[in-house]
Amino acid sequence: FSELEGASVALLGMGREGQAVWRELRKRFPDKPLTIFTETAIDEEFAGGLIPGRDRHKQGPLDGRALEQFDVLVRSAGISPYRNALRHLKNRGVQFTTACNLWFAENPQARTICISGTMGKSTTAALTAHMLSCAGFKTCLAGNIGTPMLDCKDSDIDWWVLELSSYQIADLEAAPDVAVLLNLSAEHLDWHGGFERYTRDKLRLADLAGNGRIVANYTDPLLREKLAWHTGVSWFNHGQTWWAGDGEVAGGHGSRIKAPRSLAGQHNMHNLAAVLTLLDKLEIAVPNLEQALGAFEGLPHRLQLIGTKAGIRYVDDSISTTPVSVAAALETIGFDDVVLLLGGMERGLEWDTFAAGVAAYLPYAIITLPDNGPKIFASLERAGLQPAGGLHQAEDLASAVDLARALVPEGGCVLLSPGAPSFPHFRDYADRGNRFSELAGIEK
(Lines give C-alpha, C1' and ligand atoms only; values in the text may rest on other atoms or scores of the structure.)
Protein backbone atom coordinates (compact mmCIF):
# COMPACT_ATOMS: atom_id res chain seq x y z
CA PHE A 1 0.00 0.00 0.00
CA SER A 2 2.88 2.38 0.67
CA GLU A 3 3.72 2.24 -3.04
CA LEU A 4 0.25 3.57 -3.85
CA GLU A 5 0.59 6.71 -1.73
CA GLY A 6 2.18 8.85 -4.41
CA ALA A 7 0.51 7.15 -7.39
CA SER A 8 -2.70 8.03 -9.16
CA VAL A 9 -4.99 5.08 -8.46
CA ALA A 10 -8.26 3.82 -9.91
CA LEU A 11 -10.35 0.91 -8.64
CA LEU A 12 -11.93 -1.36 -11.26
CA GLY A 13 -15.10 -2.96 -9.92
CA MET A 14 -16.64 -2.51 -6.51
CA GLY A 15 -17.71 -5.87 -5.17
CA ARG A 16 -16.71 -7.15 -1.73
CA GLU A 17 -12.98 -7.09 -2.47
CA GLY A 18 -13.11 -3.72 -4.20
CA GLN A 19 -14.89 -2.21 -1.23
CA ALA A 20 -12.26 -3.69 1.10
CA VAL A 21 -9.49 -2.05 -0.98
CA TRP A 22 -11.30 1.29 -0.85
CA ARG A 23 -11.67 1.07 2.95
CA GLU A 24 -7.98 0.28 3.40
CA LEU A 25 -6.89 3.11 1.09
CA ARG A 26 -9.19 5.55 2.86
CA LYS A 27 -7.83 4.49 6.26
CA ARG A 28 -4.23 4.95 5.17
CA PHE A 29 -4.61 7.94 2.87
CA PRO A 30 -7.82 9.79 3.85
CA ASP A 31 -7.18 12.73 1.51
CA LYS A 32 -6.04 10.74 -1.52
CA PRO A 33 -8.15 11.20 -4.69
CA LEU A 34 -9.58 7.90 -5.87
CA THR A 35 -11.59 7.07 -8.98
CA ILE A 36 -13.92 4.08 -9.05
CA PHE A 37 -14.92 2.51 -12.37
CA THR A 38 -17.84 0.07 -12.42
CA GLU A 39 -19.87 -1.41 -15.24
CA THR A 40 -23.00 -1.72 -13.12
CA ALA A 41 -24.52 0.21 -10.22
CA ILE A 42 -22.73 -0.13 -6.89
CA ASP A 43 -24.29 -1.00 -3.56
CA GLU A 44 -26.34 1.98 -2.36
CA GLU A 45 -25.13 1.76 1.23
CA PHE A 46 -21.50 1.74 0.09
CA ALA A 47 -22.11 4.56 -2.37
CA GLY A 48 -23.47 6.67 0.49
CA GLY A 49 -20.10 6.48 2.20
CA LEU A 50 -18.07 7.85 -0.70
CA ILE A 51 -16.43 11.20 0.00
CA PRO A 52 -17.41 14.05 -2.33
CA GLY A 53 -14.40 15.72 -3.86
CA ARG A 54 -12.10 12.78 -3.11
CA ASP A 55 -14.00 9.83 -4.57
CA ARG A 56 -15.24 9.87 -8.14
CA HIS A 57 -17.48 7.12 -9.47
CA LYS A 58 -17.83 6.45 -13.19
CA GLN A 59 -20.32 3.83 -14.33
CA GLY A 60 -20.39 2.24 -17.76
CA PRO A 61 -18.17 0.21 -20.11
CA LEU A 62 -14.48 0.40 -19.21
CA ASP A 63 -12.83 3.04 -21.38
CA GLY A 64 -9.15 2.40 -22.06
CA ARG A 65 -8.46 6.07 -22.73
CA ALA A 66 -9.94 7.11 -19.40
CA LEU A 67 -7.98 4.41 -17.55
CA GLU A 68 -4.66 5.21 -19.23
CA GLN A 69 -4.23 8.38 -17.17
CA PHE A 70 -3.70 6.36 -13.96
CA ASP A 71 -0.44 4.91 -12.67
CA VAL A 72 -2.06 1.90 -10.97
CA LEU A 73 -5.34 0.07 -11.57
CA VAL A 74 -6.64 -2.16 -8.76
CA ARG A 75 -8.55 -4.93 -10.53
CA SER A 76 -11.52 -6.58 -8.85
CA ALA A 77 -11.66 -10.33 -9.31
CA GLY A 78 -14.69 -10.27 -11.59
CA ILE A 79 -12.95 -8.12 -14.22
CA SER A 80 -10.80 -10.24 -16.51
CA PRO A 81 -7.23 -9.04 -17.15
CA TYR A 82 -7.52 -10.72 -20.55
CA ARG A 83 -9.85 -8.06 -21.91
CA ASN A 84 -8.30 -6.32 -24.88
CA ALA A 85 -8.53 -2.89 -23.26
CA LEU A 86 -6.73 -4.03 -20.11
CA ARG A 87 -4.04 -5.93 -22.01
CA HIS A 88 -3.41 -2.81 -24.08
CA LEU A 89 -3.05 -0.73 -20.92
CA LYS A 90 -0.59 -3.21 -19.44
CA ASN A 91 1.48 -3.07 -22.62
CA ARG A 92 1.48 0.74 -22.30
CA GLY A 93 3.04 0.49 -18.84
CA VAL A 94 0.00 0.94 -16.60
CA GLN A 95 0.53 -1.09 -13.42
CA PHE A 96 -2.11 -3.54 -12.18
CA THR A 97 -2.66 -5.06 -8.77
CA THR A 98 -5.46 -6.82 -6.89
CA ALA A 99 -6.84 -7.09 -3.38
CA CYS A 100 -5.17 -10.48 -3.00
CA ASN A 101 -1.78 -9.22 -4.14
CA LEU A 102 -1.99 -6.24 -1.79
CA TRP A 103 -2.83 -8.54 1.12
CA PHE A 104 0.04 -10.93 0.42
CA ALA A 105 2.45 -8.00 0.02
CA GLU A 106 1.35 -6.64 3.41
CA ASN A 107 1.55 -10.05 5.14
CA PRO A 108 4.72 -11.78 3.94
CA GLN A 109 5.08 -13.80 7.16
CA ALA A 110 1.52 -15.16 7.19
CA ARG A 111 1.23 -18.95 7.07
CA THR A 112 -1.25 -19.66 4.30
CA ILE A 113 -3.18 -22.66 3.02
CA CYS A 114 -4.64 -21.73 -0.37
CA ILE A 115 -7.45 -23.93 -1.64
CA SER A 116 -8.91 -24.04 -5.14
CA GLY A 117 -10.71 -26.31 -7.56
CA THR A 118 -13.68 -26.19 -9.88
CA MET A 119 -15.92 -27.75 -7.25
CA GLY A 120 -15.78 -28.16 -3.48
CA LYS A 121 -13.32 -25.43 -2.56
CA SER A 122 -15.71 -23.58 -0.23
CA THR A 123 -16.58 -26.67 1.80
CA THR A 124 -12.95 -27.82 1.87
CA ALA A 125 -11.74 -24.40 3.02
CA ALA A 126 -14.39 -24.17 5.74
CA LEU A 127 -13.68 -27.72 6.92
CA THR A 128 -9.92 -27.06 6.96
CA ALA A 129 -10.37 -23.96 9.11
CA HIS A 130 -12.71 -25.87 11.44
CA MET A 131 -10.30 -28.77 11.91
CA LEU A 132 -7.32 -26.48 12.53
CA SER A 133 -9.35 -24.66 15.16
CA CYS A 134 -10.21 -27.99 16.78
CA ALA A 135 -6.49 -28.74 16.86
CA GLY A 136 -5.90 -25.56 18.88
CA PHE A 137 -4.72 -23.18 16.17
CA LYS A 138 -6.00 -19.64 15.78
CA THR A 139 -7.36 -19.68 12.26
CA CYS A 140 -8.82 -17.16 9.81
CA LEU A 141 -11.01 -18.28 6.90
CA ALA A 142 -11.09 -15.69 4.13
CA GLY A 143 -10.67 -15.01 0.43
CA ASN A 144 -13.39 -16.03 -1.99
CA ILE A 145 -15.42 -17.26 0.99
CA GLY A 146 -16.66 -15.12 3.84
CA THR A 147 -14.64 -12.04 4.72
CA PRO A 148 -12.30 -10.39 2.18
CA MET A 149 -8.70 -10.80 3.27
CA LEU A 150 -8.14 -7.04 3.61
CA ASP A 151 -11.05 -6.81 6.04
CA CYS A 152 -9.47 -9.35 8.41
CA LYS A 153 -7.74 -7.16 10.98
CA ASP A 154 -6.52 -9.77 13.48
CA SER A 155 -2.81 -10.29 12.80
CA ASP A 156 -2.36 -12.87 15.58
CA ILE A 157 -3.28 -15.80 13.34
CA ASP A 158 -1.57 -19.20 13.24
CA TRP A 159 -3.00 -20.31 9.90
CA TRP A 160 -4.79 -18.38 7.16
CA VAL A 161 -7.11 -20.64 5.18
CA LEU A 162 -7.79 -18.89 1.88
CA GLU A 163 -10.28 -20.05 -0.71
CA LEU A 164 -9.11 -18.68 -4.06
CA SER A 165 -11.00 -18.63 -7.35
CA SER A 166 -9.35 -18.77 -10.75
CA TYR A 167 -10.14 -15.04 -11.04
CA GLN A 168 -7.90 -14.39 -8.03
CA ILE A 169 -5.14 -16.80 -9.04
CA ALA A 170 -4.70 -15.60 -12.64
CA ASP A 171 -2.25 -12.83 -11.72
CA LEU A 172 -1.57 -13.78 -8.10
CA GLU A 173 1.79 -12.84 -6.61
CA ALA A 174 2.26 -14.99 -3.51
CA ALA A 175 4.11 -17.94 -2.01
CA PRO A 176 1.51 -20.15 -0.29
CA ASP A 177 2.77 -22.49 2.39
CA VAL A 178 0.46 -25.15 0.95
CA ALA A 179 -1.67 -25.22 -2.20
CA VAL A 180 -4.66 -27.58 -2.27
CA LEU A 181 -6.13 -28.44 -5.68
CA LEU A 182 -9.31 -30.51 -5.69
CA ASN A 183 -10.31 -30.98 -9.34
CA LEU A 184 -10.46 -29.32 -12.74
CA SER A 185 -13.34 -29.12 -15.20
CA ALA A 186 -14.65 -26.47 -17.59
CA GLU A 187 -15.62 -23.25 -15.78
CA HIS A 188 -15.48 -19.46 -16.35
CA LEU A 189 -14.45 -19.96 -19.97
CA ASP A 190 -15.71 -16.52 -21.01
CA TRP A 191 -13.57 -14.81 -18.36
CA HIS A 192 -10.40 -16.79 -19.13
CA GLY A 193 -10.90 -17.01 -22.87
CA GLY A 194 -10.97 -20.80 -23.06
CA PHE A 195 -10.37 -23.98 -21.11
CA GLU A 196 -6.62 -24.06 -21.73
CA ARG A 197 -6.08 -20.67 -20.08
CA TYR A 198 -8.53 -21.53 -17.27
CA THR A 199 -6.49 -24.65 -16.53
CA ARG A 200 -3.23 -22.73 -16.65
CA ASP A 201 -4.56 -20.06 -14.31
CA LYS A 202 -5.81 -22.61 -11.79
CA LEU A 203 -2.51 -24.52 -11.86
CA ARG A 204 -0.61 -21.29 -11.25
CA LEU A 205 -1.42 -21.87 -7.58
CA ALA A 206 0.69 -25.04 -7.60
CA ASP A 207 3.55 -23.23 -9.33
CA LEU A 208 3.47 -20.47 -6.71
CA ALA A 209 3.56 -22.98 -3.86
CA GLY A 210 6.34 -25.03 -5.44
CA ASN A 211 7.52 -28.60 -5.04
CA GLY A 212 6.65 -30.39 -1.83
CA ARG A 213 3.92 -27.91 -0.89
CA ILE A 214 1.01 -29.24 -2.94
CA VAL A 215 -1.97 -31.41 -1.98
CA ALA A 216 -3.95 -32.68 -4.97
CA ASN A 217 -6.53 -35.24 -6.09
CA TYR A 218 -4.95 -38.25 -7.80
CA THR A 219 -8.29 -39.38 -9.26
CA ASP A 220 -8.57 -36.20 -11.32
CA PRO A 221 -6.81 -37.12 -14.61
CA LEU A 222 -6.06 -33.53 -15.58
CA LEU A 223 -4.43 -32.73 -12.24
CA ARG A 224 -2.46 -35.96 -12.40
CA GLU A 225 -1.19 -35.06 -15.86
CA LYS A 226 -0.45 -31.37 -15.28
CA LEU A 227 1.23 -31.81 -11.87
CA ALA A 228 3.37 -34.76 -12.92
CA TRP A 229 6.52 -32.62 -13.11
CA HIS A 230 6.09 -31.35 -9.54
CA THR A 231 7.98 -33.41 -6.99
CA GLY A 232 6.70 -34.22 -3.53
CA VAL A 233 2.98 -33.77 -4.28
CA SER A 234 0.83 -35.15 -1.47
CA TRP A 235 -1.88 -36.94 -3.45
CA PHE A 236 -5.14 -37.84 -1.76
CA ASN A 237 -7.03 -40.84 -3.18
CA HIS A 238 -3.65 -42.46 -3.74
CA GLY A 239 -1.07 -44.59 -1.93
CA GLN A 240 -0.97 -44.36 1.83
CA THR A 241 -2.98 -41.13 2.13
CA TRP A 242 -6.74 -40.78 2.59
CA TRP A 243 -9.19 -42.22 0.08
CA ALA A 244 -12.80 -41.22 -0.61
CA GLY A 245 -15.12 -44.16 -0.07
CA ASP A 246 -18.87 -44.68 0.02
CA GLY A 247 -20.02 -42.54 2.93
CA GLU A 248 -16.59 -42.70 4.53
CA VAL A 249 -12.91 -42.04 4.00
CA ALA A 250 -10.20 -44.61 4.53
CA GLY A 251 -6.61 -43.96 5.58
CA GLY A 252 -3.59 -45.91 4.40
CA HIS A 253 -2.92 -46.94 7.98
CA GLY A 254 -6.25 -48.79 8.19
CA SER A 255 -8.34 -45.98 9.71
CA ARG A 256 -11.92 -45.42 8.55
CA ILE A 257 -13.88 -42.25 9.24
CA LYS A 258 -17.64 -42.13 8.69
CA ALA A 259 -19.02 -39.00 7.05
CA PRO A 260 -20.77 -36.61 9.43
CA ARG A 261 -24.30 -35.51 8.52
CA SER A 262 -22.99 -32.15 7.30
CA LEU A 263 -20.85 -33.82 4.63
CA ALA A 264 -23.40 -35.85 2.71
CA GLY A 265 -22.60 -37.05 -0.80
CA GLN A 266 -19.67 -38.68 -2.58
CA HIS A 267 -18.24 -35.31 -3.60
CA ASN A 268 -17.82 -34.43 0.08
CA MET A 269 -15.83 -37.61 0.66
CA HIS A 270 -13.22 -36.20 -1.72
CA ASN A 271 -13.27 -32.92 0.19
CA LEU A 272 -12.81 -34.76 3.48
CA ALA A 273 -10.00 -36.89 2.06
CA ALA A 274 -8.25 -33.69 0.93
CA VAL A 275 -8.50 -32.12 4.39
CA LEU A 276 -7.26 -35.20 6.25
CA THR A 277 -4.35 -35.57 3.80
CA LEU A 278 -3.49 -31.91 4.33
CA LEU A 279 -3.50 -32.34 8.13
CA ASP A 280 -1.21 -35.35 7.82
CA LYS A 281 1.14 -33.37 5.58
CA LEU A 282 1.31 -30.60 8.18
CA GLU A 283 1.75 -33.24 10.93
CA ILE A 284 -1.25 -31.83 12.77
CA ALA A 285 -3.25 -34.20 14.95
CA VAL A 286 -6.85 -33.29 15.78
CA PRO A 287 -7.94 -34.58 19.20
CA ASN A 288 -11.17 -36.58 19.06
CA LEU A 289 -11.21 -36.50 15.27
CA GLU A 290 -14.67 -37.94 14.74
CA GLN A 291 -16.16 -35.64 17.37
CA ALA A 292 -14.50 -32.64 15.68
CA LEU A 293 -15.94 -33.69 12.32
CA GLY A 294 -19.37 -34.14 13.86
CA ALA A 295 -19.27 -30.54 15.08
CA PHE A 296 -18.72 -29.18 11.58
CA GLU A 297 -21.73 -27.35 10.18
CA GLY A 298 -22.35 -27.34 6.46
CA LEU A 299 -22.12 -24.13 4.49
CA PRO A 300 -25.16 -21.92 3.96
CA HIS A 301 -26.54 -22.25 0.41
CA ARG A 302 -24.74 -25.59 -0.11
CA LEU A 303 -27.41 -28.31 -0.23
CA GLN A 304 -29.09 -26.58 2.69
CA LEU A 305 -32.55 -27.81 3.64
CA ILE A 306 -34.08 -24.46 4.45
CA GLY A 307 -37.43 -25.87 5.53
CA THR A 308 -40.72 -27.52 4.62
CA LYS A 309 -43.82 -25.63 3.54
CA ALA A 310 -47.17 -27.29 2.77
CA GLY A 311 -45.40 -30.64 2.66
CA ILE A 312 -42.79 -29.47 0.14
CA ARG A 313 -39.10 -29.55 1.05
CA TYR A 314 -37.01 -26.62 -0.21
CA VAL A 315 -33.26 -27.12 -0.67
CA ASP A 316 -30.95 -24.16 -1.31
CA ASP A 317 -27.85 -25.06 -3.32
CA SER A 318 -27.36 -21.55 -4.70
CA ILE A 319 -23.59 -21.81 -4.28
CA SER A 320 -23.67 -24.36 -7.14
CA THR A 321 -22.14 -22.64 -10.18
CA THR A 322 -21.08 -25.58 -12.39
CA PRO A 323 -22.90 -28.43 -14.14
CA VAL A 324 -20.75 -30.86 -12.14
CA SER A 325 -22.05 -29.47 -8.85
CA VAL A 326 -25.66 -29.87 -10.04
CA ALA A 327 -25.02 -33.54 -10.76
CA ALA A 328 -23.49 -33.93 -7.28
CA ALA A 329 -26.56 -32.32 -5.72
CA LEU A 330 -28.95 -34.71 -7.45
CA GLU A 331 -26.83 -37.72 -6.54
CA THR A 332 -26.78 -36.60 -2.91
CA ILE A 333 -30.39 -35.70 -2.17
CA GLY A 334 -32.18 -38.02 -4.61
CA PHE A 335 -34.10 -37.05 -7.71
CA ASP A 336 -37.36 -38.96 -8.27
CA ASP A 337 -39.52 -36.34 -6.52
CA VAL A 338 -37.32 -33.30 -7.19
CA VAL A 339 -38.15 -30.23 -9.25
CA LEU A 340 -34.81 -28.73 -10.26
CA LEU A 341 -34.33 -24.98 -10.82
CA LEU A 342 -31.38 -24.64 -13.18
CA GLY A 343 -29.60 -21.74 -14.86
CA GLY A 344 -28.00 -18.32 -14.38
CA MET A 345 -25.23 -16.27 -15.92
CA GLU A 346 -24.14 -17.29 -19.42
CA ARG A 347 -20.39 -18.06 -19.46
CA GLY A 348 -19.91 -20.03 -22.64
CA LEU A 349 -20.08 -23.50 -21.05
CA GLU A 350 -21.57 -26.36 -23.03
CA TRP A 351 -24.40 -28.29 -21.37
CA ASP A 352 -24.67 -31.30 -23.68
CA THR A 353 -22.41 -33.40 -21.45
CA PHE A 354 -24.53 -32.59 -18.40
CA ALA A 355 -27.72 -33.34 -20.34
CA ALA A 356 -26.41 -36.74 -21.37
CA GLY A 357 -25.29 -37.63 -17.86
CA VAL A 358 -28.34 -36.38 -15.95
CA ALA A 359 -30.45 -39.13 -17.53
CA ALA A 360 -29.09 -41.45 -14.83
CA TYR A 361 -30.63 -39.32 -12.06
CA LEU A 362 -33.38 -37.51 -13.91
CA PRO A 363 -35.44 -35.24 -11.61
CA TYR A 364 -39.23 -35.18 -11.73
CA ALA A 365 -39.15 -31.84 -13.56
CA ILE A 366 -36.59 -29.25 -14.66
CA ILE A 367 -37.22 -25.50 -14.86
CA THR A 368 -34.54 -23.37 -16.49
CA LEU A 369 -33.73 -19.79 -15.50
CA PRO A 370 -32.24 -16.78 -17.32
CA ASP A 371 -29.81 -15.98 -18.76
CA ASN A 372 -28.51 -19.34 -20.04
CA GLY A 373 -31.85 -21.10 -19.53
CA PRO A 374 -32.69 -21.35 -23.26
CA LYS A 375 -29.26 -22.84 -23.97
CA ILE A 376 -29.65 -25.44 -21.20
CA PHE A 377 -33.22 -26.19 -22.30
CA ALA A 378 -32.00 -26.86 -25.85
CA SER A 379 -29.31 -29.25 -24.58
CA LEU A 380 -31.86 -31.16 -22.49
CA GLU A 381 -34.19 -31.44 -25.50
CA ARG A 382 -31.37 -32.63 -27.79
CA ALA A 383 -30.57 -35.34 -25.25
CA GLY A 384 -34.16 -36.54 -25.52
CA LEU A 385 -34.88 -36.08 -21.82
CA GLN A 386 -38.50 -36.40 -20.83
CA PRO A 387 -38.96 -35.93 -17.07
CA ALA A 388 -42.33 -37.03 -15.73
CA GLY A 389 -43.13 -33.43 -14.80
CA GLY A 390 -41.69 -32.01 -18.02
CA LEU A 391 -39.07 -29.49 -19.11
CA HIS A 392 -40.01 -25.85 -18.55
CA GLN A 393 -38.57 -22.35 -18.98
CA ALA A 394 -39.18 -19.50 -16.53
CA GLU A 395 -38.62 -15.78 -16.98
CA ASP A 396 -37.26 -15.27 -13.46
CA LEU A 397 -36.77 -17.00 -10.11
CA ALA A 398 -40.17 -15.92 -8.77
CA SER A 399 -42.10 -17.50 -11.61
CA ALA A 400 -39.86 -20.59 -11.42
CA VAL A 401 -40.69 -21.12 -7.74
CA ASP A 402 -44.41 -20.64 -8.43
CA LEU A 403 -44.27 -23.20 -11.23
CA ALA A 404 -42.22 -25.64 -9.14
CA ARG A 405 -44.76 -25.42 -6.33
CA ALA A 406 -47.49 -26.41 -8.79
CA LEU A 407 -45.49 -29.25 -10.33
CA VAL A 408 -43.77 -30.93 -7.38
CA PRO A 409 -45.20 -34.32 -6.32
CA GLU A 410 -46.75 -34.68 -2.86
CA GLY A 411 -43.98 -34.72 -0.27
CA GLY A 412 -41.43 -33.80 -2.92
CA CYS A 413 -38.58 -31.32 -3.08
CA VAL A 414 -37.83 -28.05 -4.88
CA LEU A 415 -34.08 -27.81 -5.43
CA LEU A 416 -32.33 -24.57 -6.42
CA SER A 417 -29.04 -25.80 -7.86
CA PRO A 418 -28.40 -23.32 -10.69
CA GLY A 419 -25.05 -24.57 -12.00
CA ALA A 420 -24.24 -20.97 -12.94
CA PRO A 421 -23.32 -17.69 -11.21
CA SER A 422 -26.01 -15.32 -9.98
CA PHE A 423 -25.04 -12.20 -11.96
CA PRO A 424 -26.55 -9.99 -13.20
CA HIS A 425 -29.89 -10.72 -11.53
CA PHE A 426 -28.56 -11.02 -7.97
CA ARG A 427 -25.73 -9.47 -5.97
CA ASP A 428 -24.17 -12.89 -5.31
CA TYR A 429 -25.11 -16.52 -4.65
CA ALA A 430 -26.17 -15.68 -1.08
CA ASP A 431 -28.56 -13.01 -2.33
CA ARG A 432 -30.01 -15.53 -4.79
CA GLY A 433 -30.38 -18.17 -2.06
CA ASN A 434 -32.03 -15.72 0.32
CA ARG A 435 -34.47 -14.67 -2.38
CA PHE A 436 -35.31 -18.34 -3.00
CA SER A 437 -36.09 -18.73 0.70
CA GLU A 438 -38.36 -15.67 0.62
CA LEU A 439 -40.21 -16.96 -2.42
CA ALA A 440 -40.66 -20.34 -0.72
CA GLY A 441 -42.21 -18.52 2.24
CA ILE A 442 -39.61 -19.84 4.67
CA GLU A 443 -37.86 -17.67 7.23
CA LYS A 444 -34.23 -18.58 7.84
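The values are calculated or read from the model by the stated rules, or taken from the named source; none is laboratory data. Only a predicted model underlies this, so the values are computations on that prediction, with no experimental measurement involved. Cβ placement follows ideal geometry from the backbone for every residue including glycine, while neighbour counts extend to all protein chains displayed. Protein only, heavy atoms only, side chains kept; ligands, DNA and RNA dropped before computing areas. Shrake-Rupley method; radii C 1.70, N 1.55, O 1.52, S 1.80 Å.
Could you check how many residues of the stretch 239-272 are under 14 Å from THR124 (Cβ atoms) and in contact (Cβ under 8 Å) with a residue 40 or more places away in the chain?
So the answer is 7.
Within the stretch 245-266, count every residue that is open to solvent by 20 Å² or more (accessible area, probe 1.4 Å) and either of a type in the set (D, E, K, R) or within 22 Å of the chain's Cα centre (by Cα) (or both).
9
Picking from GLY136, GLY120, GLY78, which residue would you name as being open to solvent by 40 Å² or more (accessible area, probe 1.4 Å), out of contact with any Pro (no Cβ under 7 Å at 6 or more places or on another chain) and at pLDDT below 95?
GLY78
Residue-by-condition table, conditions (1) part of a strand (DSSP E or B); (2) open to solvent by less than 20 Å² (accessible area, probe 1.4 Å); (3) in contact with a Cys (Cβ under 9 Å, 6 or more places away or on another chain):
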site: GLU346; (1), (2), (3): no, no, no
site: GLU350; (1), (2), (3): no, no, no
site: ALA360; (1), (2), (3): no, no, no
site: ILE367; (1), (2), (3): yes, yes, no
site: LEU380; (1), (2), (3): no, yes, no
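Here's the yes/no breakdown for (1) within 20 Å of the chain's Cα centre (by Cα); (2) of a type in the set (Lys, Arg); (3) within 20 Å of ASP431 (Cα to Cα):
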site	(1), (2), (3)
LEU293	no, no, no
GLY307	no, no, yes
ASP317	yes, no, yes
GLY334	no, no, no
VAL338	no, no, no
MET345	yes, no, yes
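Take the conditions touching a residue at least 60 places away in the same chain (Cβ under 8 Å), open to solvent by 80 Å² or more (accessible area, probe 1.4 Å) and not in a loop (DSSP other than H, G, I, E, B) and apply them to ARG56. Does it pass?
In short, no.
Evaluate the stretch 166-182: report whether one residue or more is of a type in the set (S, T, N, Q), in a loop (DSSP other than H, G, I, E, B) and touching a strand residue (DSSP E or B) at 6+ places or on another chain (Cβ under 9 Å).
Looking for residues that are of a type in the set (S, T, N, Q), in a loop (DSSP other than H, G, I, E, B) and touching a strand residue (DSSP E or B) at 6+ places or on another chain (Cβ under 9 Å), one finds none in the stretch 166-182, hence no.
Would you mind telling me which numbered condition in (1) out of contact with any strand residue (DSSP E or B) (no Cβ under 6 Å at 6 or more places or on another chain); (2) within 30 Å of LEU132 (Cβ to Cβ) HIS301 fails?
Result: HIS301 fails condition (1) only.
Out of ARG197, ARG204, which single residue is open to solvent by 50 Å² or more (accessible area, probe 1.4 Å), outside any strand (DSSP E or B) and at pLDDT 95 or above?
None of the others qualify; the one that does is ARG204.
Can you give me the number of residues within the stretch 59-100 that are among the aliphatic types (A, V, I, L, M), assigned to a strand (DSSP E or B) and under 26 Å from the mean Cα position of the chain (by Cα)?
2
Going by what's in this entry, would ASP431 be described as part of a helix (DSSP H, G or I), over 28 Å from GLU17 (Cα atoms) and either open to solvent by less than 10 Å² (accessible area, probe 1.4 Å) or free of Cβ contacts under 8 Å to residues at least 60 places away in the same chain (or both)?
When the stated conditions are applied, ASP431 does not pass them.
For VAL161, only one of the following conditions fails: (1) under 21 Å from LEU293 (Cβ atoms); (2) in a helix (DSSP H, G or I); (3) open to solvent by less than 20 Å² (accessible area, probe 1.4 Å); (4) not basic (Lys, Arg). What is its number?
Unmet condition: (2).
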